[in-house]
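Visitor: Structure below; questions to follow.
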Amino acid sequence: MADDTLHDLIRDLSRSLIVSVAPEEVRLFGPLSAAYYRDPAAATRARKERDEVLGFGVEAAAVIATPIVLSVVTDVVRHLTQRLVADAGEHGAQVAERGVQALLQRARSPEAVPSVPGLTEAQLREVRERAYEKARELRLSDARSALLADALVGSLSASSTA
Amino acid sequence: MRRQHADAGPDPRRPDPFAFPSDTDFRFGLLVVAVLSATFFIYDVILPNGALVSTYRLCLSQVLATNGPQPTGSLGDIAASGSARAQVLNSCRARAERSRVGEELLALIGVAGLAGAIYAVLPVWRRRRGGYVDMVPSDAPEVVAEVERLADTAGLRSRPRILWNPLNGSAAAIVFGALGRYQLALSGGLVIRFYEDPEVFRAVLRHELAHIRNGDIDKTYLTVAVWYAFAAGALLPFGVSMAFFDHSFLADMFWRIAGLGVVVYLIRNSVLRARESYADVRASFEDGPAGIMSRIIGQSAVVRGGSWRRLWAVHPSPAERQRTITDTASLFRLTFWDAGAVGLTIGLAFPNLELTIGLGTLGFDRSGGVISHGLAALLLSVLLVGVVGSAVWRSAFLSLIDDRRRPASLLPIALGVTAGAVLGHVLSFSSSVDVLGSALPSLARIAIVESVWAVVFTLGTLGLVRWIWAAAETWLRRAPTARSLGRAMTAGLVAAMVLCVPWIGAMFLVRDLVEFAANGGALATVGIAVAVVGLGSLAVLATPALTMLICVSTGFLVAARLVPRPAVTDEAWRYGFIENGPGLQDRDGTQSSMFRRAIVAALIGVAIYTVVMLPAAASWHLLKPRAARSDTDVITYYVMLVALAVLIQGYVAAAITGGGGRFAGLRAVLGALIAGPGMSAVLLLTNLAFGGGLDAGFALQTVCLVVNGGALLALLALPLARFPPGRRSGPVLQAQT
């Protein structure tokens, strides 16, 4: 149940990030995220261009941002959870998970969860750095990686300061 | 009298390659025949032959023990003795040979079955490898609706199943499937492009749907399957044999089989590349030559590595594709390389086919090899005429609507077919086995045999191709509708096949004789070859079959003149263009006097023959009484009368033809066909008048000799005559004004 909720929250946050990182993919977010969850590894696998029989296309392969955003957000959430667990001590896992869920819910809808402890400056910097590196690792362009990292930090900090 | 015309330019509309039957089926046939021949060769090399060798040893001892007529020194005795021994040998080895052919046929069936299995599995493999899943309407409702609309616009009988791989970022699509169940797979990147740049999306889709509309999918994936089956079912076993078995001659075979593998692969790729250009052109129907299709091809991936690398690619280069969309004329021509692929398959397959059929029917076929020779020639004629003939018809249409497109010469086609045939024969099974041995070193022997054969083959091919051109140019002017074009082209290609079968048969017969002659040394080879070709020509002169062929070749061309000239209508020849526009009219009236000139010249020739021959015949009959004539005298007299008739026909042909000009060959043969029977009648009636008899067989032989001799003499210079016969003042078929 908790996993499903987290999963939904990650999806929702990713959808909101896609609006600024790759607006052309917004309409296809549903099937693209479904494909990502079917095989997350495939989303980030490099493809070799082939001279396919009866195939036809224009220009070299572009990068589809949706699976990368989902992958980055998932990674950041996992990382945040681990950090909060380490900080919380006994019963920390449940507390940390609830904390992250609350953060994500606030990012989705600030009015719904008004009082959640926010992330520190250092934590937000760490989130930005991690998101940027992960996005670059997944071959998102430098500009879009930076945009994604900033947008993610913006979402989380907005939820922290609300 | 020649009409005067305004010198109007060619039609600006693009010629429509789909107006003419596609040669893809025949190209695919070429690939299949090349693969089967190569497979036959490979299995003949690698299958164990211990049983066959034992049988030969046994048969040889039986032949030596034969109590047939012992040769006493006379030619008749030697022939009878040889024939009896050959019969014993053939009866003895027939079963073993048939069994061997059976094993090889089983291997061929195995490779064919493997190709079928690969073809059936390819769509599944393609779908899995591409990571494609079904696209349901809820995924992207606008995209699904647009694909369905484009499929309906493309005129497909049924819509393809839509698949996609959402995570593939390339903006590409692909079609695949089997037996009419086609699947259109889109990449996620292309679907995203639909929302950003729908024109690009539509152009890519139109190209893919054009593949379905053109019927490319089954042919393409069968082509791919045939190649994989050949690699796995023939090349791989050969490689295994090389590695594990002690076949001392396998190493000698390696270069031939490697060459065969390369040849088959190149033919495969040429089939695949040809389909792309046709799909591009169909996809450009909607927005024209300068539309989106041409633009996005410029953005498509380029195969790097120069022309050598492109030879291995399955798509033409973007520049080539753009040129084809702008100017579809390249789809109306046959290149040297295309012709070479045809010749190569023929050179490769003929000896293998003949051998297989010959060994398979050993003990049953009493025709002395005529059946195996003829069947091999028939099968390969279908392919040759299918590819070369249909291309010549398209090229002839192009030259009728635009005189600047007329090829400077048909020689490159003839040279291409010849070069391919020579190379194919060198790679073939029969070249690898030197049964008779030779006084010449192997390479020198090959060089001499191939050179002599190449000269004969080139001249023969040039004559055949020119006939097809003349037939196409003549009948296209009587075919103003798509329906009449279909009928005329079918009849023309069938007539070309009728001519092609004896031609291919004769070419390989000449080759066998030249090879046989090559055992005597370099000079003897050329001398014997010339003698053999000369004597062979004389022998066939008296055959009614040759007369029939001459009648078919001439009659088909003459028949077009009996069809009334098409009426001037808005629809005339519009089938030949992609863009809409006015109908065409035939503005050339130069052939109205052709019959009259031929008939008049032929009658003059008959009169000259009568005037020269009658006094000579009267003198001979008076000076040489019947009782004093020997057989040699009678034969000499008869040959002289026939030769005189043939020479005068040659003169008639030259008079009709003048300095060349259009349809020079047709006019020459037509003159001979009219003059020949007239002169034969004069000869036979003169013989009757001086007390001779009139036997039906003798009369038929005389007519055949005179007609065939005259027609061949008239045609002799045709391959060397000028082509084209001169520039016209503009296109023959021109837009109505």
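The values are calculated or read from the model by the stated rules, or taken from the named source; none is laboratory data. Not measured: the values here are computed from a predicted model. Note that each Cβ is placed from the backbone with ideal geometry, even for glycine, and that neighbours are counted across all protein chains shown.
Visitor: What's the number of the condition B:Met507 fails, among (1) at pLDDT 90 or above; (2) in contact with a Phe, Trp or Tyr (Cβ under 9 Å, 6 or more places away or on another chain)?
Guide: Among (1) at pLDDT 90 or above; (2) in contact with a Phe, Trp or Tyr (Cβ under 9 Å, 6 or more places away or on another chain), B:Met507 violates only (1).
Visitor: Could you tell me which of the residues B:Val494, B:Val456 is in contact with a helix residue (DSSP H, G or I) (Cβ under 6 Å, 6 or more places away or on another chain) and assigned to a helix (DSSP H, G or I)?
Guide: Only one candidate passes the filter, namely B:Val456.
Visitor: Which is out of contact with any Gly (no Cβ under 6 Å at 6 or more places or on another chain), buried (at least 19 other Cβ atoms within 10 Å of the Cβ) and basic (Lys, Arg), of B:Arg483, B:Arg477?
Guide: Answer to the check: B:Arg477.
Visitor: How many residues does the stretch B:158-198 contain that are in contact with a strand residue (DSSP E or B) (Cβ under 8 Å, 6 or more places away or on another chain), of a type in the set (Phe, Trp, Tyr) and within 9 Å of chain A (Cβ to nearest Cβ)?
Guide: Summing the residues that are in contact with a strand residue (DSSP E or B) (Cβ under 8 Å, 6 or more places away or on another chain), of a type in the set (Phe, Trp, Tyr) and within 9 Å of chain A (Cβ to nearest Cβ) in the stretch B:158-198 gives 2.
Visitor: Can I ask one more? Find all pairs meeting these conditions: Cβ atoms under 7 angstrom apart; at least six residues apart or on different chains; first residue within the stretch B:291-315 and closer than 16 Å to B:Ala274 by Cα and part of a helix (DSSP H, G or I); second residue among the hydroxyl-bearing types (Ser, Thr, Tyr) and at pLDDT 75 or above.
Guide: Cβ pairs passing all conditions: B:Arg310/B:Ser317.
Visitor: Here are some conditions: (1) within 29 Å of B:Asn168 (Cα to Cα); (2) modelled with pLDDT of 80 or more. A:Ala60 meets all but one. Which one does it not meet?
Guide: Of the numbered conditions (1) within 29 Å of B:Asn168 (Cα to Cα); (2) modelled with pLDDT of 80 or more, the odd one out for A:Ala60 is (2).
Visitor: Next up: Suppose we filter B:Ala210, B:Ala225 for residues that are buried (at least 24 other Cβ atoms within 10 Å of the Cβ), within 12 Å of another protein chain (Cβ to nearest Cβ) and among the small types (Gly, Ala, Ser); which single one remains? Steps first, answer last, please.
Guide: Numbers: B:Ala225 fails: buried (at least 24 other Cβ atoms within 10 Å of the Cβ).
So the residue among B:Ala210, B:Ala225 that is buried (at least 24 other Cβ atoms within 10 Å of the Cβ), within 12 Å of another protein chain (Cβ to nearest Cβ) and among the small types (Gly, Ala, Ser) is B:Ala210.
Visitor: Can you tell me which residues in the stretch B:185-201 are touching a residue at least 24 places away in the same chain (Cβ under 8 Å) and outside any helix (DSSP H, G or I)?
Guide: Matches in the stretch B:185-201: B:Ala185, B:Leu186.
Residues checked against (1) among the basic types (Lys, Arg); (2) closer than 30 Å to B:Leu557 by Cβ; (3) outside any helix (DSSP H, G or I):
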site: B:Ala618; (1), (2), (3): no, no, no
site: B:Ile648; (1), (2), (3): no, yes, no
site: B:Val669; (1), (2), (3): no, yes, no
site: B:Leu685; (1), (2), (3): no, no, no
site: B:Leu694; (1), (2), (3): no, no, yes
site: B:Gln701; (1), (2), (3): no, yes, no
site: B:Val707; (1), (2), (3): no, yes, no
site: B:Leu715; (1), (2), (3): no, yes, no
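Visitor: Could you grab me the full set of residues in the stretch B:265-285 that are at pLDDT 85 or above and either more than 33 Å from the chain's Cα centre (by Cα) or not in a loop (DSSP other than H, G, I, E, B) (or both)?
Guide: Restricting attention to the stretch B:265-285, the residues satisfying the condition of being at pLDDT 85 or above are B:275-285.
Across the stretch B:265-285, the qualifying residues are B:Arg275, B:Glu276, B:Ser277, B:Tyr278, B:Ala279, B:Asp280, B:Val281, B:Arg282, B:Ala283.
Visitor: Quick check on A:Leu54: is it modelled with pLDDT of 70 or more, surrounded by 13 or more Cβ atoms within 10 Å (Cβ to Cβ) and either under 30 Å from B:Tyr221 (Cβ atoms) or away from every other protein chain (no Cβ under 14 Å) (or both)?
Guide: yes
Visitor: Please specify each residue of the stretch B:148-175 satisfying the condition of being in a strand (DSSP E or B) and of a type outside the set (S, T, N, Q).
Guide: B:Arg161, B:Ile162, B:Leu163, B:Trp164, B:Ala171, B:Ala172, B:Ala173, B:Ile174, B:Val175
Visitor: Looking for whichever is under 16 Å from the mean Cα position of the chain (by Cα), among the hydroxyl-bearing types (Ser, Thr, Tyr) and over 24 Å from B:Val45 (Cβ atoms) here; the options are B:Ser409, B:Ser395. Which one fits?
Guide: B:Ser395
Visitor: If B:Glu148 satisfies all but one of (1) more than 11 Å from chain A (Cβ to nearest Cβ); (2) without any contact (Cβ under 8 Å) to a residue 60 or more places away in the chain; (3) in contact with a helix residue (DSSP H, G or I) (Cβ under 9 Å, 6 or more places away or on another chain); (4) closer than 27 Å to B:Ser294 by Cα, what's the number of the condition it fails?
Guide: The failed condition is (3).
Visitor: From the list B:Val204, B:Val262, pick out the single residue that is surrounded by 23 or more Cβ atoms within 10 Å (Cβ to Cβ) and either assigned to a helix (DSSP H, G or I) or within 12 Å of chain A (Cβ to nearest Cβ) (or both). Break it down stepwise before answering.
Guide: Details: B:Val262 fails: surrounded by 23 or more Cβ atoms within 10 Å (Cβ to Cβ).
It is B:Val204.
Visitor: Quickly run through the stretch B:123-145 and pick out the residues that are more than 8 Å from chain A (Cβ to nearest Cβ), more than 18 Å from B:Phe194 (Cβ to Cβ) and either without any contact (Cβ under 8 Å) to a residue 40 or more places away in the chain or within 37 Å of the chain's Cα centre (by Cα) (or both).
Guide: Answer for the stretch B:123-145, where residues must be more than 8 Å from chain A (Cβ to nearest Cβ), more than 18 Å from B:Phe194 (Cβ to Cβ) and either without any contact (Cβ under 8 Å) to a residue 40 or more places away in the chain or within 37 Å of the chain's Cα centre (by Cα) (or both): B:Pro123, B:Val124, B:Trp125, B:Arg126, B:Arg128, B:Arg129.
Visitor: Follow-up question, since we're still on this one. Can you report the number of residues in the stretch B:540-562 which are assigned to a loop (DSSP other than H, G, I, E, B) and either modelled with pLDDT of 85 or more or within 14 Å of B:Leu670 (Cα to Cα) (or both)?
Guide: Final tally of qualifying residues: 0.
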